[in-house]
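Peer 1: I'd like to ask some things about the structure below.
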Amino acid sequence: MSWSPLSVVAVTSDLVITSLFPLALGQAHLSIDPLDTAVLMQAILGLRDQARSNPDPDCAWTGDLQGIWQFHRHPDARGLVSLVVAQAWAYLSGLGFSTSAVALHLQRCWPVVSEPGQLVGRHHHPNAHLSAVLYLNGDGSGRSGCLRLFPHQFCNELVPGLAVGHDGPIDPLHSLNRAWVDLAPVAGLLVLFPASTDHAVLVNDSDDLRFSISFDFVLTAPAGVGDQGAPPEYLAPHPSRWQALDPPAAGAEA
Ligand SMILES: [Fe+2]
């Protein structure tokens, strides 16, 4: 099988360094009518109601922790969700998935509102396989709070901890030992990345509210797989094949 390296750096006339295992970040700029965006923002503010944080005042309001985790079913969001789902399929195709051999499920969808001074701490989404974020506003400057993505592993730091420890000696901006990558929100920008990727939202240093919508997707085998043959070993069968089990009767716990 042939392969193409992500990048090749010639260090000397004799030595070449090749980057082997890239993290796949998807980016797409969606065409969303500014009027629709304004309607969505108003809907989100209505859902946020009196709440302003999670609940630490420094932490942005995230709908998933406030009961707003099925925003994809909101009438004002459906058109936008279909655009996002199309890009999720394109992302899978771009990763080499056979899109006819997997089923894609939208598991959760929630708005996030970050007020000036607020942030979202480092975390990942262990409940999902693929995550996406759509920005409803942002001017590309990053002032409203960049999305910070962290590598799964610092495989090139050689000595554990050197890539993030104080006083180097590794160049913190070197592409083969980068501790994180920051992405500035832009209105209409959709980003997609593996749900296992640690990420955070930096502090909102602007004077405006920062609006985004998060999506969590899960992959399973398609519904028809299992009629003949079996799903791939590590891909869960379609949920229609799952059997929900009754909890033990009261007092019968082991
Ligand atoms: Fe997140």
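The values are calculated or read from the model by the stated rules, or taken from the named source; none is laboratory data. Model, not experiment: these values are computed from the prediction. All Cβ positions, glycine included, derive from the backbone under ideal geometry; neighbour counts span all protein chains shown.
Peer 1: Does segment 62-74 contain at least one residue that is away from the ligand (no atom under 16 Å from the Cβ), assigned to a helix (DSSP H, G or I) and more than 25 Å from residue 145 (Cβ to Cβ)?
Peer 2: Checked segment 62-74: at least one residue is away from the ligand (no atom under 16 Å from the Cβ), assigned to a helix (DSSP H, G or I) and more than 25 Å from residue 145 (Cβ to Cβ).
Peer 1: Restricting the search to segment 81-116, which residues are part of a loop (DSSP other than H, G, I, E, B) and more than 30 Å from residue 51 (Cβ to Cβ)?
Peer 2: 95, 96, 97, 98, 102
Peer 1: Taking segment 33-61, which residues are of a type in the set (A, V, I, L, M) and either within 30 Å of residue 95 (Cα to Cα) or part of a loop (DSSP other than H, G, I, E, B) (or both)?
Peer 2: Let us first name the residues in segment 33-61 that are of a type in the set (A, V, I, L, M), namely 35, 38-41, 43-45, 47, 51, 60.
Scanning segment 33-61 gives 51, 60.
Peer 1: Something else now. Applying the selection to segment 7-32, what residues are within 13 Å of residue 83 (Cβ to Cβ), at pLDDT 95 or above and assigned to a loop (DSSP other than H, G, I, E, B)?
Peer 2: Within segment 7-32, 30 is the sole residue that qualifies.
Peer 1: Right, something else. Among residues belonging to segment 135-161 that are in contact (Cβ under 8 Å) with a residue 12 or more places away in the chain and farther than 30 Å from residue 29 by Cβ, point out the one that is nearest to the chain's Cα centre (by Cα). Steps first, answer last, please.
Peer 2: Step one: list which residues in segment 135-161 are in contact (Cβ under 8 Å) with a residue 12 or more places away in the chain, which gives 135-152, 154-157.
Now restrict to residues that are farther than 30 Å from residue 29 by Cβ: 154-157.
Details: 154: 20, 155: 22, 156: 24, 157: 25 Å.
The qualifying residue nearest to the chain's Cα centre (by Cα) is 154.
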